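Okay, so here's the structure we're looking at.
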Amino acid sequence: MNNMVVVRNISLYIFYGFIFYSFSYYLDSPYLSTFLHDNIITICITLVAITAAVRGLILGKITDLSSSYKDLDFTPTFRELKISVYEQVCMIFLAIFLMIIFTSKKLSPIYLEHIHYTIDSLLTSILLYNVYILKDTATAIIDMFIAIDTKNKSDNSD
């Protein structure tokens, strides 16, 4: 995945976050906002831990494959795994930063509703993007095991 794909994905999930939060805002439902304020940091850290465990499994399998198949280059895969870790850690720090701004007593009351709306939309984006990374990582592990199973079946049929 190149930088343009990363920027496109982040932009897409910012858009999704604004749409998703706008729906909640339009319905005058405080649930999403309250949920995010109470849980976003914990959810992000938990998703990092889950994806780190899955990444460890992926790296173990890749190491096994690279020792069996010397001609395969897994450098791009390692780079992508590293980027996704950085993305998730950055999102944790961004969520903390946004919550600090949200709870600030120094914000102008004139713009407070707009600031809160923007922050809640961005927090929604962070949640959705973290779930996307979890889905992407889980899909990678499933695809990897399907490929290994297919390879084993083709080797056994020879």
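Read the figures in this text as sums done on the coordinates, not as results from a lab. Given the structure is predicted, the values throughout are model-derived calculations rather than measurements. Backbone-built Cβ (ideal geometry, glycine too); neighbour counts: all protein chains shown.
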Filtering segment 93-133 down to residues that are under 10 Å from the mean Cα position of the chain (by Cα) and not aromatic (Phe, Trp, Tyr) yields Ser125, Ile126, Leu127, Leu128, Asn130, Val131, Ile133
With criteria (1) crowded, with 16+ Cβ neighbours inside 10 Å; (2) within 22 Å of Leu36 (Cα to Cα); (3) under 17 Å from the mean Cα position of the chain (by Cα), Tyr86 comes up short on (1)
Checked pairs for segment 1-26, first without any contact (Cβ under 8 Å) to a residue 24 or more places away in the chain and surrounded by fewer than 16 Cβ atoms within 10 Å (Cβ to Cβ), second of a type in the set (A, V, I, L, M) and assigned to a helix (DSSP H, G or I), C-beta under 6 Å and 6 or more apart or across chains, list as none
If we keep only residues of segment 134-158 that are of a type in the set (Lys, Arg) and more than 20 Å from the chain's Cα centre (by Cα), then the residue nearest to Ile62 (Cα to Cα) is Lys151
Checklist entry - Looking at Asp143, is it farther than 19 Å from Thr46 by Cβ and in contact with a Phe, Trp or Tyr (Cβ under 6 Å, 6 or more places away or on another chain)? => result no
